[in-house]
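Trainee: The following block contains the structure, expressed as structure tokens.
The values are calculated or read from the model by the stated rules, or taken from the named source; none is laboratory data. Since we're looking at a predicted model, the values are computed, not measured. Cβ sites come from the backbone with ideal geometry, for glycine too, and all protein chains shown count toward neighbours. These area figures cover heavy atoms from the full protein model, side chains too; ligands, DNA and RNA do not enter into them. Shrake-Rupley method; radii C 1.70, N 1.55, O 1.52, S 1.80 Å.
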There are 2 protein chains.
Amino acid sequence: MGSNERREREKQQVRQRILEAARELFVKQGYEAVTMRQIAQKIEYTPTAIYFHFKDKEELLKELCGQDYRKLAGVFQDLGSVRDPLQRLYQLGLAYMDFGLQFPNHYRLMFMTPRPHPLHDEELVQKGNPVEDAYEFLRTTVSECLIWGYMRPEYKDPELISQMLWAAIHGLTSLHIVLSGDKWIQWRPVRKIAEAMLDTQIRGLTTRDAGAKIDKSGVLEVVAKSPLMMKAATTKKRSGTAAKSTGKKRK
Amino acid sequence: MGSNERREREKQQVRQRILEAARELFVKQGYEAVTMRQIAQKIEYTPTAIYFHFKDKEELLKELCGQDYRKLAGVFQDLGSVRDPLQRLYQLGLAYMDFGLQFPNHYRLMFMTPRPHPLHDEELVQKGNPVEDAYEFLRTTVSECLIWGYMRPEYKDPELISQMLWAAIHGLTSLHIVLSGDKWIQWRPVRKIAEAMLDTQIRGLTTRDAGAKIDKSGVLEVVAKSPLMMKAATTKKRSGTAAKSTGKKRK
DNA sequence: GTGTTAACTTAACGCTGTTAAGTATTTGTT
DNA sequence: AACAAATACTTAACAGCGTTAAGTTAACAC
């Protein structure tokens, strides 16, 4: 009776080996190109053995996606420690793109595949959907930027700003997943494009007093000049010049 | 001997019927889900008959994409009449998105379907590729913006700027094609997001002297303040102040 | 009329995801 | 210890896929 545990343990071990093999192959060749027989061969089992652990090929991908969803949520969670919302916004964009390029197949399934069956079936709906969580994290950050007074007065709707920023970085990510091999376009380093994009968007969004610039180490340095910005600027570099502000107000 | 023409004509007719059937099915079910046997059945031929007209399944997709690329290039061509490059850039973005949202399935085939093998092999290389054409139109416009002195000095690479702008508007377009029905996100009107995005990007890209703003009628109004901007501002509104330009040169 | 070519069809190959049925091995019950 | 049941697989096979080799039929050239 007692060795049920060992049986279960061994089963989970095989299950894990299947997932690892599948992940490695999916990442290398893409979901469609990978065959069940390939996966089976890699773990030295028969193809049918996989079906004892997973319903079908798609469930393999779903399980792996679930892992990555949680991973993305984790990455976002870590960015919670970045105090300054504008800096956080920037890091958020880079982290999102990194995630997409690291797991292009999972990213494809998440955001590039028109779903016949809506994005969330039933189970995932209830217990805090990760996609929604990630979006909410973005929206919260944008809202904070508004509260901190970073944004130009014509930008008021955090939802619209969030969607705009998400769309932009998603575009770069997805375009590179699909067309990065296209030799007709002399692609610039995707990281450079992302940095330019975030830089441009943030400059376009923020007031002139709160210009944002990236220094060489890749850290966003928020240059705050208006009185409202004072506490904002003192997150990382506690600069002595902060108190010197003239307190000028626009309009 | 004379009826060779008719033979050729009939062949092209069948070829066209294959393409139409393939397009309809690709659009409805997506490239991977469509089988050669389905296409054949639709035109009441044997699956093998298709292979007399096309090398393989992928060539079907390539041909259809080519058609759409040319269509997009046509839309872009019409924008050649807009003199001011900054204004043209803005209109370009909106036209691109409109095209994508009007023909979402075509757009999917063009920019959202991961290609098994790189986009263009050899034949399409020679006769001015349409994707390249559309992209080149964008790049040319960006280059003109640089020449006209619109851009901030830190932006110098038209390739990078073009890729950034393309990615951003593509992201909005593709995200809406895939997720506009998602109830988890309270989508703002996509046109509003596009306008905000272009507005933001252009403001972030340009010098303070050449701020760009959109008036209520949706027409981009270039606000030129620096001497260099004088002629730029006179595209639609022929203002009498144009001749006053001092003709100062930058750098 | 004969031979050639064009435009197909029939049949088949090797591959795919998946399943039904069989086989040991381990487990729980008597 | 004996026996049934469940577990964790394997073997064999199915239907369907993209694609090809070989055969067929009709239209053409001479």
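Trainee: Within region A:62-86, can you find the residues that are farther than 30 Å from A:Thr206 by Cα and either open to solvent by 10 Å² or more (accessible area, probe 1.4 Å) or within 14 Å of another protein chain (Cβ to nearest Cβ) (or both)?
Mentor: Across region A:62-86, the qualifying residues are A:Lys62, A:Glu63, A:Gly66, A:Gln67, A:Tyr69, A:Arg70, A:Lys71.
Trainee: Follow-up question, since we're still on this one. Among the helices (runs of 4 or more DSSP H) contained in region A:18-98, which hold 3 or more residues that are farther than 23 Å from A:Ile177 by Cβ and within 14 Å of DNA strand D (Cβ to nearest atom)? Break it down into steps so the answer makes sense when it comes.
Mentor: Details: elements: A:36-42, A:47-53, A:57-78.
In region A:18-98, A:36-42, A:47-53 are the helices (runs of 4 or more DSSP H) which contain 3 or more residues that are farther than 23 Å from A:Ile177 by Cβ and within 14 Å of DNA strand D (Cβ to nearest atom).
Trainee: Quick check on my filter: what residues within region B:67-101 are hydroxyl-bearing (Ser, Thr, Tyr) and more than 17 Å from B:Leu165 (Cα to Cα)?
Mentor: B:Tyr69, B:Ser81 - these are the residues of region B:67-101 that are hydroxyl-bearing (Ser, Thr, Tyr) and more than 17 Å from B:Leu165 (Cα to Cα).
Trainee: Here are the criteria: (1) open to solvent by less than 70 Å² (accessible area, probe 1.4 Å); (2) farther than 30 Å from A:Glu32 by Cβ. Tell me which single one B:Ile18 does not satisfy.
Mentor: Answer for B:Ile18: the failing condition is (2).
Trainee: In region B:130-185, how many residues are in a helix (DSSP H, G or I) and of a type outside the set (A, V, I, L, M)? Give the steps one after another, and end with the answer.
Mentor: Restricting attention to region B:130-185, the residues satisfying the condition of being in a helix (DSSP H, G or I) are B:130-147, B:158-179.
Checking the rest, the ones that are also of a type outside the set (A, V, I, L, M) come to B:130, B:132-133, B:135-137, B:139-141, B:143-145, B:158-159, B:162-163, B:166, B:170-171, B:173-174, B:176.
The number of residues fulfilling the criteria is 22.
Trainee: Let me ask something else about it. What number goes with the only condition from (1) part of a loop (DSSP other than H, G, I, E, B); (2) within 16 Å of DNA strand C (Cβ to nearest atom); (3) of a type in the set (Lys, Arg) that B:Lys11 does not pass?
Mentor: (1)
Trainee: Which one is surrounded by the most Cβ atoms within 10 Å (Cβ to Cβ) among residues in region A:115-153 that are out of contact with any helix residue (DSSP H, G or I) (no Cβ under 7 Å at 6 or more places or on another chain) and modelled with pLDDT of 90 or more?
Mentor: Applying the filter and picking the extreme gives A:Thr140.
Trainee: Give the residues of region B:156-168 that are at the interface with another protein chain (Cβ under 7 Å from one of its Cβ atoms) and open to solvent by less than 10 Å² (accessible area, probe 1.4 Å), sorted by residue number.
Mentor: B:Gln163, B:Met164, B:Ala167, B:Ala168
Trainee: Oh, and also: Tally time: how many residues in region B:169-198 are more than 7 Å from chain A (Cβ to nearest Cβ) and among the charged types (D, E, K, R)?
Mentor: 3
Trainee: What number of residues in region B:25-69 are modelled with pLDDT under 90, within 12 Å of DNA strand C (Cβ to nearest atom) and among the basic types (Lys, Arg)?
Mentor: Going through region B:25-69 one residue at a time, the tally reaches 0.
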